[in-house]
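Okay, structure first, notes after.
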Amino acid sequence: MSALRRIALVGLPGSGKSAVAPLLAARLGWASVDIDDEVVADAGKPIEQVVVDDGEQAFRDLEQAALERAMRRSDSIVIACGGGLIAQEAARRLLHDMSCVVWLDAPDALLVERLGNGAGRPLLRGNPAERIPQLRAMRQPAHDSAHLTVSAAAEPGEVAGRVAAALKGAVRVPLGTRGYTIEISPGALDDVPLHLPPAATRVALIADRAAGGPARRLAGAVQRSGREVTALPVNGGERLKTWGAAGRLLGRLSDAGVRRHDCVVALGGGSVGDVAGFVAATHLRGVAWINVPTTLLAMVDSAIGGKTGVNLARGKNLAGAVWQPRAVVCDPELLGTLPDRPYRSAFAEIVKYSMIRDRGLAALLDAHLPELLERDAGPLAAVVRQSCVIKAEIVAADERESGERAILNYGHTVGHALEAATAYDGALNHGEAVAVGMRAAGILSVELLGCPRDQIRWQDRVLEHCGLAASPRVDPTLVLRHMAADKKAVGAGVRWVLLEARGRPRFGQAVPERAVRQALDQVLAR
Ligand SMILES: NC(=O)c1ccc[n+]([C@@H]2O[C@H](COP(=O)([O-])OP(=O)(O)OC[C@H]3O[C@@H](n4cnc5c(N)ncnc54)[C@H](O)[C@@H]3O)[C@@H](O)[C@H]2O)c1
């Protein structure tokens, strides 16, 4: 499962980790674990006694064992880490691999005030005013590796509320130490600064001009977090995805002095995310980036998985890199200005997820389709979340598409060929073409793999409600020719993704041309 299930709180002594953890857990309906308490219980004596009797290494070993135990739990948990835990290499790797690491940060003076004389904290050696700045300097590299930074200069309840608002219902893309969090909530745009690398002093904001208002709001929020913003407005759309545009943006990043520890933020649809991610992958051989999608397609699909790149004269996405973002922030309120056609056509991908994995999507679509088409932020956030869960699971299982990731191409065999066949008049956008392709794949799934007919009827009915039932007037022979051209590109025959049943996709299926022609006859107009 890729729903976020573990949050680890780290920070200097006095930052309130132990007080915040149970409050945060209560807000999320999760359990909480305090690693220091676990160590005391395991050792049967206070931590200072462990250090005095057995040495600091013995204390660290107990901490590591308690952390490993917490990570093995099957329930959702908030973990309050001892202050020095994140600075230990093995612990840091485990924390990054298995949780969203939240750094609770507060100014030294406030920490010192909260700590009093430092009694009971052996590493403060009775002198917090001297030790806190030293510990901060020592642990800075570890804190810089946190996924989320939240100010701890407030009451614990308020801090817990802040973390809960950002991470409730979040999804995690479990890619080991390159794993990242997808925040999904109305108003999430204002949380983008929390996801920036703590060490970043400049943000290059590559933003679609179509999202000018959100771009200004985001730039203001980043500036208030104490960073410089280099604004790089672009015109979103397929024409942005060129080698030239990427080169010009790279030049602007160099001119602005964007450095290794800085961050690129993409605000826009899939075209902006693809180019900005590619620019982030190549500037100084790779800098951090955050993807803030503004189209429904980007929220449920293109923003997740790290595929970045540009088109070449010979075809789409022929140059690029797999470069995972450090976070994805989905704010359904940003969809308010998206025109109806691209909004509706993204449902082809959502219905696709429901057919290949489901994870509760069919029930959500059955219960809320009219509100979803009206862009009601509540059900929309739920549908975006489940779509992200499915894409994150599939990406994590096969990051570079050597196998299972191919199931994401359900409906795309015909879809891509139709897009190519109609490219000259733009009659079909991507989602509309994929919807036709899913109807064809549905027919073949029933015929060749015995997929239950009522499941395919459900797929076709939902597509129809989304306005995706048109049968385009395209010559089937032309579609077959474009499919064959794709075949030459991969050199291994046309391979289909078909369904044995909902949630049981089979990729790499060879289909006789006669069956394909019959299916095309049913989904294309004469
Ligand atoms: N990287 C991946 O894994 C992946 C997956 C699927 C698709 N893609 C790519 O995504 C691209 C398509 O992305 P897309 O469908 O998100 O569209 P897009 O980025 O091409 O944008 C389409 C249009 O919508 C406008 N727009 C964007 N957000 C808006 C908003 N909130 N309000 C009003 N207008 C807005 C844009 O300016 C543009 O004119 C394609 O290039 C495709 O190859 C990539």
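Only the coordinates and a few stated rules stand behind these numbers; no lab work does. Remember, it's a predicted structure, so these values are computed and weren't measured experimentally. We place every Cβ from the backbone using ideal geometry, glycine too, and count neighbours over all the protein chains shown.
Annotations for the structure displayed:
- Taking amide H atoms as placed 1.01 Å from N in the peptide plane, the amide H of Arg73 has no partner under 5 Å among residues 5 or more positions away or on other chains.
- Placed amide H near Ala204: partners under 5 Å, 5+ positions off or other chain: Thr230, Cys263, Val264, Val265
- Relative contact order %, segment 196-336, counting alpha carbon pairs below 8 Å whose residues are six or more apart: 24
- Working note: Karplus 6.51/-1.76/1.60 with θ = phi - 60° gives segment 231-243 the couplings 7, 10, x, 9, 8, x, x, 4, 5, 6, 7, 10, 4 Hz, where Gly and Pro are set to x.
- Averaging over all projection directions, the Cα-based convex hull of segment 6-168 occupies 8.5 nm² in the image plane.
- Modelled FRET efficiency - R0 45 Å, Ala154 with Asn127, Cβ distances, 0.05 increments: 0.95
- Normalised by residue count, the chain yields a Cα convex hull volume of 146 Å³ per residue.
- Of Lys17/Lys391; Lys168/Lys307; Lys168/Lys391; Lys352/Lys391, those spanning more than 21 Å from alpha-carbon to alpha-carbon: Lys17/Lys391; Lys168/Lys307
- The long axis of helix 513-523 is offset from the longest Cα principal axis of the chain by roughly 90 degrees.
- Only the Cβ atoms of Lys and Arg (+1) and of Asp and Glu (-1) were treated as charged; on that basis the dipole of segment 383-526 about its Cα centre amounts to roughly 200 debye.
- Annotation for Ala427 and Gln140: the two label points, set 7 Å from Cα along the Cα-Cβ direction, are 6.2 nm apart.
- Inter-site label distance for Glu374 and Gln522 at 7 Å from Cα along Cβ, in nm: 3.5
- Cβ-defined net charge surrounding Pro379, 12 Å radius [Lys, Arg +1; Asp, Glu -1]: -2
- Global form of segment 62-149, assessed from the alpha-carbon gyration tensor, a/c cut-off 1.5: prolate
- Rounded to the nearest 10 degrees, the angle from helix 212-224 to the longest Cα principal axis of the chain is 20 degrees.
- Cleavage-rule hits, GluC sites (Glu not before Pro), segment 344-412, DSSP coil, Cβ neighbours within 10 Å at most 12: Glu374
- Anisotropy class of segment 388-523 from Cα gyration tensor, a/c 1.5 cut: rounded
- Gained length - Thr177 relative to Arg495, 0.36 nm times residue gap less alpha-carbon distance: 111.1 nm
- Here the residues Trp458, Trp243, Trp103, ranked from fewest to most Cβ neighbours within 10 Å of their Cβ, fall in the order Trp243, Trp458, Trp103.
- Across segment 109-118, computed HN-Hα scalar couplings (Karplus, 6.51 cos²θ - 1.76 cosθ + 1.60, θ = phi - 60°) run 4, 5, 4, 4, 4, 5, 7, x, 8, x Hz from first to last residue, x flagging Gly and Pro.
- Extension gain, Arg461 to Arg506, is 13.9 nm, computed as 0.36 nm per intervening residue step minus the present C-alpha separation.
- Using the Cβ-Cβ distance between Arg248 and Asn117 with R0 set to 56 Å, the FRET efficiency from 1/(1 + (r/R0)^6) comes to roughly 0.45.
- Segment 323-401: C-alpha gyration tensor shape, a/c 1.5 cut-off, then a/b vs b/c: oblate
- Within the shell defined by Cβ-Cβ distances under 15 Å, the residues around Glu228 carry a net charge of +3, with Lys and Arg each +1 and Asp and Glu each -1.
- Applied to segment 134-148, the Karplus parametrisation 6.51 cos²θ - 1.76 cosθ + 1.60 on θ = phi - 60° returns per-residue 3J(HN,Hα) values of 5, 5, 4, 4, 5, 9, 3, x, 5, 5, 4, 8, 5, 7, 9 Hz, with x for Gly and Pro.
- Ellipsoid equivalent to segment 234-327 - semi-axes via the Cα gyration tensor, in Å: 18, 16, 12
- Per-residue ellipticity at 222 nm from helix content only, as computed over the chain with -39500 (n - 2.57) for each DSSP H run of at least four residues, stands at -15000 deg cm²/dmol.
- Arranged from fewest to most other beta-carbon atoms within 10 Å of their beta carbon, Tyr343, Tyr353 become Tyr343, Tyr353.
- By the count of neighbouring beta-carbon atoms within 10 Å, fewest first, Met483, Met355, Met71 end up ordered Met71, Met483, Met355.
- Each Lys or Arg adds one and each Asp or Glu subtracts one; over the other residues with Cβ under 14 Å from the Cβ of Ala70, this totals -3.
- Degrees separating the helix 476-490 axis from the principal Cα axis of the chain, which is the longest one: 40
- Value of relative contact order over segment 388-523, rounded to a whole percent, pairs C-alpha under 8 Å and six or more apart: 28
- Extended-chain gain in nm, criterion 0.36 nm per residue less alpha-carbon gap, Lys45 and Arg514: 161.2 nm
- Beta bridges per DSSP with both ends in the chain, % antiparallel, nearest 5: 25
- Sparsely packed trypsin sites (Lys or Arg not before Pro) within segment 67-164, loop by DSSP, other Cβ within 10 Å at most 16: Arg73, Arg125
- Using C-alpha pairs below 8 Å separated by at least 6 residues, the relative contact order for the chain is 11 percent.
- Cut-off 16 Å, label 7 Å out along Cα→Cβ of Asp475, residues of segment 505-523 by amide N: 521
- Here the spin labels are modelled as points 7 Å beyond Cα on the Cα-Cβ line, and at Arg224 and Glu447 they lie 5.9 nm apart.
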